[in-house]
Each structure stands twice: as structure tokens, then as C-alpha cells.
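The values are calculated or read from the model by the stated rules, or taken from the named source; none is laboratory data. Note that the coordinates shown come from a computational prediction; the quantities given were computed from them, not determined experimentally. Here the Cβ positions follow ideal geometry from the backbone for every residue, glycine too, while neighbour counts run over all protein chains shown. The area values use the complete protein model at the heavy-atom level, side chains included, leaving out ligands, DNA and RNA. Shrake-Rupley method; radii C 1.70, N 1.55, O 1.52, S 1.80 Å.
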Amino acid sequence: MKQLVLYTTSHCHLCEQAEAMLIHLKSRYRINWLLQEISDDDGLIEKYGIRIPVIARIDNQAELNWPFTENDIVMLIEA
């Protein structure tokens with residue numbers, strides 16, 4: 001199972017769209033993800049503040065910055 005992190009923040013409609021894509025893909029791929037709130041950490045705000053949502057693989061730290069599609073997520077999962 002691929003473990004992912006979705007870097008997000010509250011009231012982010014793009015982040016909600018990204019999670020909806022993950023939910024849709026979960027029916028076809030073995031994935032799990034953690035939601036990581038960036039506003040709780042100054043380092044995460046600096047790193048991801050203008051790029052969220054960002055999906056990252058835990059095993060190899062590969063990242064996918066917004067904008068992305070479900071196909072982009074599949075490529076990240078299968079890489």
C-alpha cells in the first residue's frame with residue numbers, strides 16, 4: 001500500500017478537490033494518506049504555503065504540486 005501525505009490548510013477549496021481525487025482513486029489503487037495541516041508549522045508554511053495542495057509519497061518523498069489531475073496522481077503512485 002502506498003502511503004501519501006496531503007499537505008493542506010483549512011478553507012482551501014483546492015485541497016478539498018485534491019482529497020476528492022484521492023478518495024476516487026482509493027477504489028482502484030491501494031493508497032492511504034495523512035492530512036498534514038501546514039499552518040501549524042512555520043517550516044511547512046515556508047515550504048508549501050504557495051504550492052498547496054501538495055501530495056507526497058512517504059517512501060521516496062516524491063511530490064506533486066498543484067495543479068494536478070488524477071492521472072498525475074496515478075503516475076506518482078506508480079513511480
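Observations on the structure shown:
- Some residue of the stretch 44-58 being modelled with pLDDT under 95 and either farther than 21 Å from residue 20 by Cα or of a type in the set (A, V, I, L, M) (or both): yes
- Boolean, residue 61 is of a type outside the set (Phe, Trp, Tyr) and on the phi > 0 side of the Ramachandran plot: yes
- Qualifying positions in the stretch 17-58 - open to solvent by less than 50 Å² (accessible area, probe 1.4 Å), closer than 25 Å to residue 74 by Cβ, hydrophobic (A, V, I, L, M, F, W, C) and touching a Phe, Trp or Tyr at 6+ places or on another chain (Cβ under 9 Å): 18, 21, 22, 38, 52, 54, 55, 56
- Any hit, the stretch 23-31, residues being closer than 20 Å to residue 2 by Cα and in a strand (DSSP E or B): yes
- When residues of the stretch 1-16 are limited to those that are open to solvent by 60 Å² or more (accessible area, probe 1.4 Å) and in contact (Cβ under 8 Å) with a residue 40 or more places away in the chain, the one nearest to residue 78 (Cα to Cα): 2
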